[in-house]
Amino acid sequence: MALLNTTFTAHRLSPLHVGSEPLTPQRLATLSKRLRDVLVGDVVRGVQVGLDTASSDAAALGQTGALESVEWDWVGVRGMLEAQGEAGEDTADDDEQDAASPAPEPSGRRGGRRGGQRKKRNNATVPDSSPGALKLELKYESNAFSALLLPALSGDAQSSSAEEQQQWTSHPSVPAPANPSNSTAPAGDSFLALPLLLIRAPAPLRAVLTDFLARTFDVRVSPLGLDPGTLVAAFERWLADSGSVGGGARAGKDVVLTLGFAPAAVSAAISGRHGTPAADDAGQGGGEEGATAEKQPLGLKSIDVTIPAEDVGGFVRAGRAAETAQPFTDALADYLRHHLALDTRHAAVRVLRIACDGFVLSEGRVKLSQGGDAAWNLLDGLVQKAKGKGLRG
């Protein structure tokens, strides 16, 4: 399973009810067999499991061939980040591409259970023994899909109390161990905290997987919305952690920000300038034409702002000189307002997507392109976001 250079959809999970028995290799093998029975028996034979057979996603899923294997396993998060190669092109931005494009080549045993035992070479930000994540791999004849359930990665977050888990459950709970693959069975019923779920699969298969998790572990699965504040905080944190703008900008990829605009606000602004409210014009049209005009307000939907790699450091230094909380973002906002009369701080303007040499983040989608401390901290921030704490800057 490749963690880097793969586009995942992000979800948040309530604590998994694992009962008195931990998720040992024997129990994971049983879960693998149960999930295989669901996929092979229910999907291929046409039993209803929530798949929309008329959708293009379901058609693409049917072209993957027969299911060959289903495997649940524990994996060291640190090992997965260290075992990957250089950044690649973003080729999996939608469900159709996820279903049709070949799966990344496996990176061998380096990302296995012992991956979490690797030593940190640069500094002590990342612990020597990384927490264990629960990994799922589905291998078909012509493609492979995967899912990863991530725990809290920082030491202080791992020591979350039972009271925090009590927010999700109505029964007493036992805090999950930092590395469940090396743990012994806790006494009594327990809940395992794996707040962040990353899935690489087309929409119909995602629905089956989330339903399986909900039925098996009595867990609540919901999409993880990455709001503009989270995207900006993630990028500012990445710039600080990666050291790419220390003494000067490091040669890398351009930074691309996708800005979206609230259609109603834009339409109102345009109509106000011409002195004719858009709603009145739509109503005067009458019939279907008036209804169509009212549903399609005027204005841009989104624009891409590209910052050359060699200019990123200049924006950061300008923001730091002004002692702003978000150096790059605030400096870029001042630049766009001065040169383009574009007020990115307006309530109708939202950051929808950020792409740089280290990651691509958008609403509900995550792709990492580089490992190291910066990637570790970004993942931990996403876990904190899934727990409802927000991404720490």
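The values are calculated or read from the model by the stated rules, or taken from the named source; none is laboratory data. Only a predicted model underlies this, so the values are computations on that prediction, with no experimental measurement involved. All Cβ positions, glycine included, derive from the backbone under ideal geometry; neighbour counts span all protein chains shown.
Test R320 against the stated conditions and say whether it is part of a helix (DSSP H, G or I), without any contact (Cβ under 8 Å) to a residue 60 or more places away in the chain and not small (G, A, S).
Values: part of a helix (DSSP H, G or I): yes; without any contact (Cβ under 8 Å) to a residue 60 or more places away in the chain: yes; not small (G, A, S): yes.
Judged against the criteria, R320 is a match.
Only one of these is surrounded by fewer than 21 Cβ atoms within 10 Å (Cβ to Cβ) and either touching a Cys at 6+ places or on another chain (Cβ under 9 Å) or hydrophobic (A, V, I, L, M, F, W, C) (or both): L39, L13, L4. Name it. Steps first, answer last, please.
Working: L13 fails: surrounded by fewer than 21 Cβ atoms within 10 Å (Cβ to Cβ); L4 fails: surrounded by fewer than 21 Cβ atoms within 10 Å (Cβ to Cβ).
L39 is the lone residue from the list that is surrounded by fewer than 21 Cβ atoms within 10 Å (Cβ to Cβ) and either touching a Cys at 6+ places or on another chain (Cβ under 9 Å) or hydrophobic (A, V, I, L, M, F, W, C) (or both).
Anything in the stretch 333-357 that is under 14 Å from the mean Cα position of the chain (by Cα) and either small (G, A, S) or assigned to a loop (DSSP other than H, G, I, E, B) (or both)? List them, or say none. Can you show your working first?
If we filter the stretch 333-357 for residues that are under 14 Å from the mean Cα position of the chain (by Cα), which is where we start, we get 352-355.
Correct list: A355 only.
Based on what the data block shows, is A10 modelled with pLDDT under 90 and within 26 Å of the chain's Cα centre (by Cα)? Step through it out loud before you land on a result.
Details: modelled with pLDDT under 90: no; within 26 Å of the chain's Cα centre (by Cα): yes.
So A10 does not fit the description; no.
Being aliphatic (A, V, I, L, M) and modelled with pLDDT of 60 or more is the requirement here; does L35 meet it? Spell out the reasoning first.
Working: aliphatic (A, V, I, L, M): yes; modelled with pLDDT of 60 or more: yes.
Here the answer is yes, as L35 does meet what is asked.
Kindly indicate the residue of the stretch 16-36 that is touching a Pro at 6+ places or on another chain (Cβ under 9 Å) and not polar (S, T, N, Q) and also surrounded by the fewest Cβ atoms within 10 Å (Cβ to Cβ) among those meeting that condition.
If we take residues in the stretch 16-36 being touching a Pro at 6+ places or on another chain (Cβ under 9 Å) and not polar (S, T, N, Q), then P22 is surrounded by the fewest Cβ atoms within 10 Å (Cβ to Cβ).
Restricting the search to the stretch 213-244, which residues are part of a helix (DSSP H, G or I), under 30 Å from A29 (Cα atoms) and either of a type in the set (D, E) or in contact (Cβ under 8 Å) with a residue 24 or more places away in the chain (or both)? Let's see the steps before the verdict.
Restricting attention to the stretch 213-244, the residues satisfying the condition of being part of a helix (DSSP H, G or I) are 213-217, 228-242.
From what's left, under 30 Å from A29 (Cα atoms): 213-217.
Answer for the stretch 213-244, where residues must be part of a helix (DSSP H, G or I), under 30 Å from A29 (Cα atoms) and either of a type in the set (D, E) or in contact (Cβ under 8 Å) with a residue 24 or more places away in the chain (or both): L213, T216, F217.
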